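Novice: Before anything else, here's the structure in question.
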Amino acid sequence: VELLSIDSPDGVHGAKIREAGKGSSNVYFKIARMSAGDELTVTVTMRIEKLASEPPENTDRFVFSTDNRGALRPFLTPSENIESRDARIRSLAESIPVDPQAPAWNQVETIYNWVRDNVEYRFNPEMQSSLTALENRVGDCEELSGLFIAICRAREIPARAVWIPDHTYPEFYLLDEQGEGHWFPCQAAGSFAFGHMPEAKPILQKGDKFRTLGERDEKRYNQPSLTAANGTSNPTVTWIMQRVDER
């Protein structure tokens with residue numbers, strides 16, 4: 001990802017990008033004053049290069065991580081709508097017929113197949129929890145991804161959500177024979193794709209634990225926000241994302 005420019009009008013100060021941690025960055029800016037009915041536009045232009053994601057040739061060489069502290073810890077604990085420590089999720093994780101003698105790759109694929117075989121895809125405009133998807137056996141890309149992530153985490157397998165325009169998919173974490181960690185994507189909703197990702201859309205964020213500026217609780221998505229100080233009401237923010245031609 002290459003930042004090309006941040007264009008802001010008069011009245012907008014200090015526009016810049018800061019790392020938000022855990023797989024995302026934020027654009028921050030301050031507005032000195034706005035009156036009712038005023039509109040200000042900040043335009044951020046980036047060049048994104050996305051490499052093709054292909055499955056590894058030899059999957060038997062990957063193993064589970066045994067040291068899941070530090071940077072991996074957030075991907076083993078619950079997130080918003082990913083209730084990996086709930087007793088029902090834990091019970092499900094134990095009941096899925098995973099062969100403990102099989103390679104780690106095949107064990108995760110068994111979880112992946114269970115979610116796809118037992119939860120029907122059905123679009124819902126409102127995001128539901130992984131528990132709701134389990135109880136109703138229906139969900140869209142967010143719920144199917146959340147349930148896969150929750151089951152993996154319940155089995156001590158690091159997993160996280162990836163957000164691209166109009167879609168969500170999960171990733172899981174394994175080590176190679178050199179002890180190097182790798183995140184592998186899979187398509188929880190849509191065409192079968194395990195260990196690779198056919199989606200060519202740009203990645204907007206990786207992870208599912210974000211704290212929006214001005215809020216205390218962590219959220220699954222890093223949401224745009226705008227707050228007013230000494231104002232009679234809060235202004236609204238509209239995020240417009242569009243592709244621009246190569247220049």
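Novice: Somewhere in region 143-160, is a residue on the phi > 0 side of the Ramachandran plot and among the charged types (D, E, K, R)?
Specialist: Yes.
Novice: Which ones in region 111-143 are closer than 16 Å to Cys186 by Cα, part of a helix (DSSP H, G or I) and of a type in the set (D, E, K, R)?
Specialist: Hits for region 111-143 are Arg116, Asp117, Glu142, Glu143.
Novice: Filter region 203-217 down to the residues that are within 21 Å of Ser84 (Cβ to Cβ) and surrounded by 14 or more Cβ atoms within 10 Å (Cβ to Cβ), then identify the one that is modelled with the lowest pLDDT.
Specialist: Arg211
Novice: I'd like to check something: does region 51-73 contain any residue that is farther than 26 Å from Thr168 by Cα, touching a residue at least 60 places away in the same chain (Cβ under 8 Å) and open to solvent by 50 Å² or more (accessible area, probe 1.4 Å)?
Specialist: Checked region 51-73: at least one residue is farther than 26 Å from Thr168 by Cα, touching a residue at least 60 places away in the same chain (Cβ under 8 Å) and open to solvent by 50 Å² or more (accessible area, probe 1.4 Å).
Novice: Just name the residue that is surrounded by the most Cβ atoms within 10 Å (Cβ to Cβ) out of those in region 78-113 that are farther than 18 Å from Pro55 by Cα and of a type in the set (A, V, I, L, M, F, W, C).
Specialist: Of everything passing the filter in region 78-113, Ile82 is surrounded by the most Cβ atoms within 10 Å (Cβ to Cβ).
Novice: So which pairs qualify, if the first residue must be in region 218-246 and open to solvent by 90 Å² or more (accessible area, probe 1.4 Å), the second must be in a loop (DSSP other than H, G, I, E, B), the Cβ gap must be under 6 Å, and the two must be at least 6 apart or on different chains?
Specialist: Listed by first residue and then by second, the contacts come to Gln223/Thr212; Thr227/Gly214; Asn234/Ala228; Trp239/Pro224.
Novice: Quick test of your reading of the structure: Met241 fulfils all but one of (1) within 18 Å of the chain's Cα centre (by Cα); (2) closer than 30 Å to Ala93 by Cα; (3) not acidic (Asp, Glu). Name the failing condition by number.
Specialist: All conditions are met except number (2).
Novice: Kindly provide the set of residues from region 153-183 that are aromatic (Phe, Trp, Tyr) and open to solvent by 20 Å² or more (accessible area, probe 1.4 Å), ordered by number.
Specialist: The answer is Trp163, Tyr173, Trp183.
Novice: Given the conditions (1) among the acidic types (Asp, Glu); (2) at pLDDT below 95; (3) over 22 Å from Asp208 (Cβ atoms), which single one is not true for Glu80?
Specialist: (3)
Novice: Still on this structure, please answer the following. Sort through Ala189, Ala200 and tell me the only one that's in a loop (DSSP other than H, G, I, E, B), of a type in the set (A, V, I, L, M) and surrounded by fewer than 15 Cβ atoms within 10 Å (Cβ to Cβ).
Specialist: Ala200
Novice: Of the conditions (1) open to solvent by less than 40 Å² (accessible area, probe 1.4 Å); (2) in a loop (DSSP other than H, G, I, E, B); (3) within 30 Å of Ile240 (Cβ to Cβ), Ile149 clears all except one; give me its number.
Specialist: (2)
Novice: Before we move on, is Ala102 at pLDDT 95 or above, outside any helix (DSSP H, G or I) and among the small types (Gly, Ala, Ser)?
Specialist: So Ala102 fits the description; yes.
Novice: In region 1-30, how many residues are open to solvent by 50 Å² or more (accessible area, probe 1.4 Å) and either more than 24 Å from Lys209 (Cβ to Cβ) or modelled with pLDDT of 80 or more (or both)?
Specialist: 15
Novice: I'm checking my understanding of the structure. Among residues of region 124-142 that are free of Cβ contacts under 8 Å to residues at least 60 places away in the same chain and among the acidic types (Asp, Glu), which one is surrounded by the fewest Cβ atoms within 10 Å (Cβ to Cβ)?
Specialist: Among residues in region 124-142 that are free of Cβ contacts under 8 Å to residues at least 60 places away in the same chain and among the acidic types (Asp, Glu), the one surrounded by the fewest Cβ atoms within 10 Å (Cβ to Cβ) is Glu126.
The values are calculated or read from the model by the stated rules, or taken from the named source; none is laboratory data. As the structure is a prediction and not an experimental result, all values here were calculated from the model. Don't worry about glycine lacking a Cβ; one is built from the backbone with ideal geometry, like all the others, and counts go over all protein chains shown. The accessibility values were calculated without ligands, DNA or RNA, using every heavy atom of the protein model including side chains. Shrake-Rupley method; radii C 1.70, N 1.55, O 1.52, S 1.80 Å.
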